[in-house]
1. Extension gain E117-A80, at 0.36 nm per residue separation less the Cα-Cα distance, in nm?
2. Below 11 angstrom from the Cβ of L43, what's the summed charge of the other residues (Lys, Arg +1; Asp, Glu -1)?
3. If one computes P(r) from the Cα atoms of the stretch 6-50, what percent of pairs lie at distances over 17 Å?
4. Rounded to the nearest 0.05, what FRET efficiency do K213 and I108 have when you use their Cβ-Cβ distance and R0 = 25 Å?
5. I'd like the accessible area for T194: 1.4 Å probe, protein heavy atoms, all chains in place, Å² to the nearest 10.
6. Can you work out the FRET efficiency for the pair T194 and D137, with r the C-beta to C-beta distance and R0 = 45 Å, to the nearest 0.05?
7. What FRET efficiency would be calculated for the residue pair I144, L87, taking the C-beta separation as r and a Förster radius of 35 Å, to the nearest 0.05?
8. Taking 25 °C and 0.890 mPa s as the conditions, I'd like the Stokes-Einstein D for the stretch 131-233 in µm²/s, using the Kirkwood hydrodynamic radius from alpha carbon pairs.
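The values are calculated or read from the model by the stated rules, or taken from the named source; none is laboratory data. Treat the numbers as computed from the prediction; the structure is a model and nothing was measured. Virtual Cβ from ideal backbone geometry, glycine too; neighbours counted across all protein chains shown. For accessibility, only protein heavy atoms count, side chains too; no ligands or nucleic acids. Shrake-Rupley method; radii C 1.70, N 1.55, O 1.52, S 1.80 Å.
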Amino acid sequence: MNKLSCEIVRDLLPLYYDEVCSADTRKSIEAHLATCEHCTADLHKLQQSSRLPFEVIEKNKQESTALANFKGYWHRSRAAAFARGLLLATTICGVIGLGYVGLFRWNITQVPSSVIEISDVSLLKDGKIAYHVKLTDGYRVNQISGKSEGNGNFYITPMRPVFKTKTDAELGLGNSYELIDLEQLNANHTDPSTQIKAIYYGPKDDNPILIWKQGMQLPPATDAVEAQFRDRD
């Protein structure tokens, strides 16, 4: 093959680099490159430009992988943070709800004896004990608790939440006639030693008011008091 010019070699360099030219052409190009610095430099440029996309692709691939990993971590972190936030919010709402119920709804506070007035204790014709109770502090009573201590003493205690509310009526648990069915109370105490011997109104450890004790003679109830409980029946 005749000696190739630089112009022809530059045109053939891509074929030479890709190894798709004939053996004779390859030999002629190599013979030219051995004596031509310019074409040799062009071959080096071709080699560098051919490697560059691969390097860029690898770099982009690595960056894409890192980005994908970061996105996965980000989404997982967001999901975990959302789950933690939801759990925390649920817990806080639960605590607030329980706190509200505990402070405003649960009747866990005993009304002190100092605001309790017991009057008109009497004996109904059917043997039940009637009495009038009034709380003088003006706050609502939500529940009445009765408890036998097992020693013959029975305590009736009005209960409220921690945060009490003003009563909006003259009648109710804080201002009404109530009765005690002593026979029914004793029906739950088959042991004579545990029979009810005294009934108190108010907290056990706060000077409760005595309503009745064994041997006490109570006056008969008036017709008005009798009528109170006939109307309830």
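1. Values: separation 37, 0.36 × 37 = 13.32 nm, distance 5.95 nm.
Stretched out fully, the E117 to A80 stretch lengthens by 7.4 nm.
2. Numbers: positive: R10, K45; negative: E30, E37, D42.
Summing Lys and Arg as +1 and Asp and Glu as -1 gives -1.
3. Details: 197 of 990 pairs.
For the stretch 6-50, the fraction of Cα-Cα distances above 17 Å is 20 percent.
4. Values: r = 29 Å, r/R0 = 1.15.
Computed FRET efficiency for K213 and I108: 0.30.
5. 30
6. Numbers: r = 34 Å, r/R0 = 0.75.
Working from the Cβ atoms, E equals 0.85.
7. Working: r = 40 Å, r/R0 = 1.15.
Computed FRET efficiency for I144 and L87 comes out at 0.30.
8. Numbers: Rh = 15.3 Å.
My calculation gives 161 µm²/s for D.
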